[in-house]
Amino acid sequence: MGLPISAVAETEQQEKKLPQPVESNAEEPQKRSSELYIGPRITEGNAQRLHFIGKFPGADVEACSIILDRQDAPGTLPTIKGTDKLLTKLRSLGVIGRAANPDTKRSVYSLTKSGRISAESFGHTVPGSATLNGTSQRRASHYQLIAHVAAQFASPAGFFRDSLGIEPVGIDGVISEHEMRIAYEKVAVMLKERKERGESGDFGAWRSGAMAASIEAVSKGRIEWPDITAALPALLTLGEKEEEKMVTKLVHQPDLAVILDGDRNSPAAKNLLVEVELNPKSWEAYEQILRTYDKEIERGFVYSRVVYFTIGNRVETILRKVDRKAKTGLFESGRLVVLPLTHRDNTPVRFEKRITIQEN
C-alpha cells in the first residue's frame, strides 16, 4: 500500500508475528540417466505456479486454483480440492513452505530456495527476497488478498471482462509491490548519491525526466511504446516533484500494477494501478493519495485508471467523500473504480473473524 517507512516498520515489529513457513524435506530424486534433470518431478505447469507464489507470497489455495487451466481440460479451472492436493505434493518436494494465517483461518504459501531454483530453471524470473518469514498477521492477511486479486487478473477465466473490460494478462502481466520496490530502490540509491554530491535527489523530478527521455527514445526508434515500463520499471512507482507544501505523496507504490500496454502506440498508457484496501485510511491520507492519483492519471503516461478492491462499503464511502471535497473528480470521470473482493464463484469475500460474547 505504498513505500514502507521506518515508522511503519517500527510499529509492525510490535505486532504478533506469523510462524515461519515450514519447509518439508525434499524427496530424494530417483536416479536417472546422464541427461539434464531439473528438480524432482516439477512440470512446466507446476513451475508456473511456483513463479506465481514467488511473486505473491501469501497466496492461498483458492488463488493458486485459478491462475491456470487444467492441463487435461483446457478452458476449465482446477478444483480447490485438486489444487490443495497439488500444493501438498509441492510441499513434499520441498519447493514451497506453508504457514497458517490465524486471521483468515487459511493456509498461505511462499517459495523455498529449492522452489526458486526450480521455477528459474524453467525460465521464470522470481523476485528476490519475497518471503512471509517474520511478516505480521495483519500484513499477511493483506498479502493473501493481494495475491487473490493478482490471480484473478492473471486467470484465463477472465474475471474482469465485464467489470473492467479487460482480458486476462497472465502471471507476468501483474507486477507486485515487491517488484516495484526493487526497481524503485535502485533509483533511490542513485538519487541518494546525487544528493550527497549536492545535486537533486528528488524522485519525482527523476521520474518526470525519465518519462520525457522515454518519449525521445521512442521517437528515435531505440524503444517501442509497449516496452516503456519493462525498460524503466521504476516508473511504476508514483512520485511528484518536491514542493514546499506538498499536497501529493512524494513516493507511492500501489499494491499491484496490471500491464495492458501490449498494443500501445502513443504516449497514452493503458495500465491499471490497483489497491487492495481492507480498512479505510484517514481523511488526510486519502486527500494526499487522491491528489497523487489525479495528477498521475491526468498525465496518463504510466497508468490510465485506478482500481480499488474492498470488502464492504466503508472504503468506497470515504473515498467518494474525499474525492468530492478535494475536487479531484476521479469517480465522475471513471478514472477511479471500486470493486468488491470476490471468490472464484463471484460471491463476495467477507471478514471471517467474529467476536462472540457469552452472557451469564
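The values are calculated or read from the model by the stated rules, or taken from the named source; none is laboratory data. Quantities reported herein were computed from a predicted structural model and do not represent experimental measurements. Note that we place each Cβ from the backbone using ideal geometry, even for glycine, and neighbour counts take in every protein chain shown. What goes into the accessible areas is simple: the full protein's heavy atoms, side chains included, and nothing from ligands, DNA or RNA. Shrake-Rupley method; radii C 1.70, N 1.55, O 1.52, S 1.80 Å.
For region 296-322, name all the residues that are assigned to a helix (DSSP H, G or I) and open to solvent by less than 10 Å² (accessible area, probe 1.4 Å). First the steps, then the outcome.
Initial filter on region 296-322 (assigned to a helix (DSSP H, G or I)): 296-299, 314-322.
Scanning region 296-322 gives Glu296, Val315, Leu319, Val322.
Would you mind stating whether Gly123 is out of contact with any Pro (no Cβ under 9 Å at 6 or more places or on another chain) and surrounded by fewer than 19 Cβ atoms within 10 Å (Cβ to Cβ)? I'd like the intermediate steps shown before the answer.
Numbers: out of contact with any Pro (no Cβ under 9 Å at 6 or more places or on another chain): yes; surrounded by fewer than 19 Cβ atoms within 10 Å (Cβ to Cβ): yes.
It is true that Gly123 is out of contact with any Pro (no Cβ under 9 Å at 6 or more places or on another chain) and surrounded by fewer than 19 Cβ atoms within 10 Å (Cβ to Cβ).
Does at least one position in region 194-216 carry a residue that is of a type in the set (Asp, Glu), farther than 16 Å from Leu273 by Cβ and touching a Gly at 6+ places or on another chain (Cβ under 8 Å)?
Step one: filter region 194-216 for residues of a type in the set (Asp, Glu), giving 196, 199, 202, 216.
Then drop every residue that is not farther than 16 Å from Leu273 by Cβ, which leaves 196, 199, 202, 216.
Narrowing the set further to residues that are touching a Gly at 6+ places or on another chain (Cβ under 8 Å) leaves none.
No: zero hits.
Identify, by number, the condition in (1) open to solvent by 60 Å² or more (accessible area, probe 1.4 Å); (2) farther than 24 Å from Pro156 by Cα; (3) of a type in the set (Asp, Glu) that Asp103 doesn't meet.
(1)
Which numbered condition trips up Val108, out of (1) farther than 22 Å from Ala47 by Cα; (2) surrounded by 14 or more Cβ atoms within 10 Å (Cβ to Cβ); (3) aliphatic (A, V, I, L, M)?
(1)
Report, by residue number, each residue of region 46-58 that is hydrophobic (A, V, I, L, M, F, W, C) and within 11 Å of the chain's Cα centre (by Cα). Can you show your working first?
Narrowing region 46-58 to residues hydrophobic (A, V, I, L, M, F, W, C): 47, 50, 52-53, 56.
The answer is Phe52, Phe56.
Starting from region 305-326, take each residue that is free of Cβ contacts under 8 Å to residues at least 12 places away in the same chain and list its partners that are open to solvent by 20 Å² or more (accessible area, probe 1.4 Å), counting only C-beta distances under 7 angstrom and pairs at least six apart or across chains.
Close Cβ pairs satisfying both conditions: Arg320/Phe331.
Pick from region 260-274 the residues that are assigned to a loop (DSSP other than H, G, I, E, B) and over 25 Å from Leu191 (Cβ atoms): which of them is least open to solvent (accessible area, probe 1.4 Å)? Even if it seems obvious, please write down each step before you answer.
First pass over region 260-274, keeping only residues assigned to a loop (DSSP other than H, G, I, E, B): 260, 264-271.
Now restrict to residues that are over 25 Å from Leu191 (Cβ atoms): 260, 264-266, 268, 270.
Numbers: Leu260: 38, Arg264: 11, Asn265: 125, Ser266: 38, Ala268: 57, Lys270: 84 Å².
That would be Arg264.
When you go through Ala59, Ala99 one by one, which is the residue that is within 19 Å of His148 (Cα to Cα), at pLDDT 95 or above and among the small types (Gly, Ala, Ser)? It would help to see each step written out before you state the result.
On the way: Ala99 fails: at pLDDT 95 or above.
None of the other options fit; the residue is Ala59.
Where residues in region 220-256 are within 12 Å of Thr292 (Cα to Cα), aliphatic (A, V, I, L, M) and in a loop (DSSP other than H, G, I, E, B), which of them is least open to solvent (accessible area, probe 1.4 Å)? Spell out the reasoning first.
Initial filter on region 220-256 (within 12 Å of Thr292 (Cα to Cα)): 237-241, 246-254.
Still in the list and also aliphatic (A, V, I, L, M): 238, 246-247, 250-251.
The next check asks that each one be in a loop (DSSP other than H, G, I, E, B); those that pass are 246-247, 250-251.
Numbers: Met246: 51, Val247: 63, Leu250: 81, Val251: 28 Å².
If we take residues in region 220-256 being within 12 Å of Thr292 (Cα to Cα), aliphatic (A, V, I, L, M) and in a loop (DSSP other than H, G, I, E, B), then Val251 is least open to solvent (accessible area, probe 1.4 Å).
Out of all the residues in region 137-167, which are part of a helix (DSSP H, G or I) and either among the charged types (D, E, K, R) or more than 20 Å from Leu273 (Cβ to Cβ) (or both)? Can you show your working first?
Let us first name the residues in region 137-167 that are part of a helix (DSSP H, G or I), namely 137-154.
Hits for region 137-167 are Gln137, Arg138, Arg139, Ala140, Ser141, Gln144.
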